[in-house]
1. Note down the nm distance, to one decimal, between modelled labels 7 Å out along Cα→Cβ at Val4 and at Met30.
2. Step through the residues of the range 112-124 one at a time and calculate ³J(HN,Hα) from phi using the Karplus curve (6.51 cos²θ - 1.76 cosθ + 1.60, θ = phi - 60°), rounding each to whole Hz and writing x for Gly and Pro.
3. Could you state the accessible area per residue of the chain in Å², with a 1.4 Å probe and every protein chain left in place?
4. Sorted by average packing, counted as other Cβ atoms within 10 angstrom per residue and highest first, what order do 67-78, 105-116 take?
5. Sequence gap at least 6, Cα distance under 8 Å: using those rules, report the relative contact order of the range 20-124 to the nearest whole percent.
6. Explain nothing, just compute: Karplus ³J(HN,Hα) = 6.51 cos²θ - 1.76 cosθ + 1.60, θ = phi - 60°, for every residue of the range 63-73 in order, whole Hz, x for Gly and Pro.
7. Select one label from (1) 33, 30, 27; (2) 40, 38, 22; (3) 43, 32, 28: the one whose number is Cα extents along the principal axes in Å as derived from the coordinates shown.
8. 5 Å is the cut-off here: which amide hydrogens, built 1.01 Å from N in the peptide plane, fall below it relative to Ser105, excluding neighbours closer than 5 in sequence?
Amino acid sequence: MTTVSVRYIADDVDAAVAFYVERLGFDVEMRPAPGFAMLSRGDLRLLLNQPGAGGAGQPAGGRTPEPGGWNRIQLQVSDLEAEVETLRAAGASFRGELVTGKGGSQILVEDPSGNPVELFQPAG
């Protein structure tokens, strides 16, 4: 299996779909209900669930799913500074500033529900 699925909980699935499609280059694969969407980018399938919508949005272990956290998907980009500039101009929110390490540079952009997406440009 080459496709990898990641599920994010989104307060507003419409806003999340618009963000991922318009700002990060995802395609809509399926949108069967207001509280759910399936998006894709390459071999990544992103499942978006609104709390309470479908089985994945239901409480589990006494806890209700909610957005936020620090787990994230990483999208590799070829020009991180240009991506950040474009996203800032569109009003995107970031967690901190761009950081550079031995492997490359990265920054965390938040989707409309506060889920982090790491934008990463490898060194060299």
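1. Computed distance between label sites Val4 and Met30 equals 2.1 nm.
2. Couplings: x, 9, x, 6, x, 10, 8, 9, 10, 10, x, 5, x Hz.
3. On the way: 6990 Å² over 124 residues.
With the other protein chains kept in place, the chain gives 56 Å² per residue.
4. Working: 67-78: 13.6, 105-116: 20.1.
By packing density, highest mean first, the sequence is 105-116, 67-78.
5. Details: 163 pairs, mean separation 20.4, N = 105.
Relative contact order, the range 20-124: 19 percent.
6. 10, 8, x, 8, x, x, x, 10, 5, 7, 8
7. (3)
8. Under 5 Å from the amide H of Ser105: Gln121, Ala123.
The values are calculated or read from the model by the stated rules, or taken from the named source; none is laboratory data. What you see is a predicted model, and the numbers here were worked out from it, not measured in a lab. Ideal geometry is used to build each Cβ from the backbone, glycine not excepted, and the neighbour counts take in all protein chains shown. All accessible areas refer to the heavy atoms of the entire protein, side chains included, with ligands and DNA or RNA removed. Shrake-Rupley method; radii C 1.70, N 1.55, O 1.52, S 1.80 Å.
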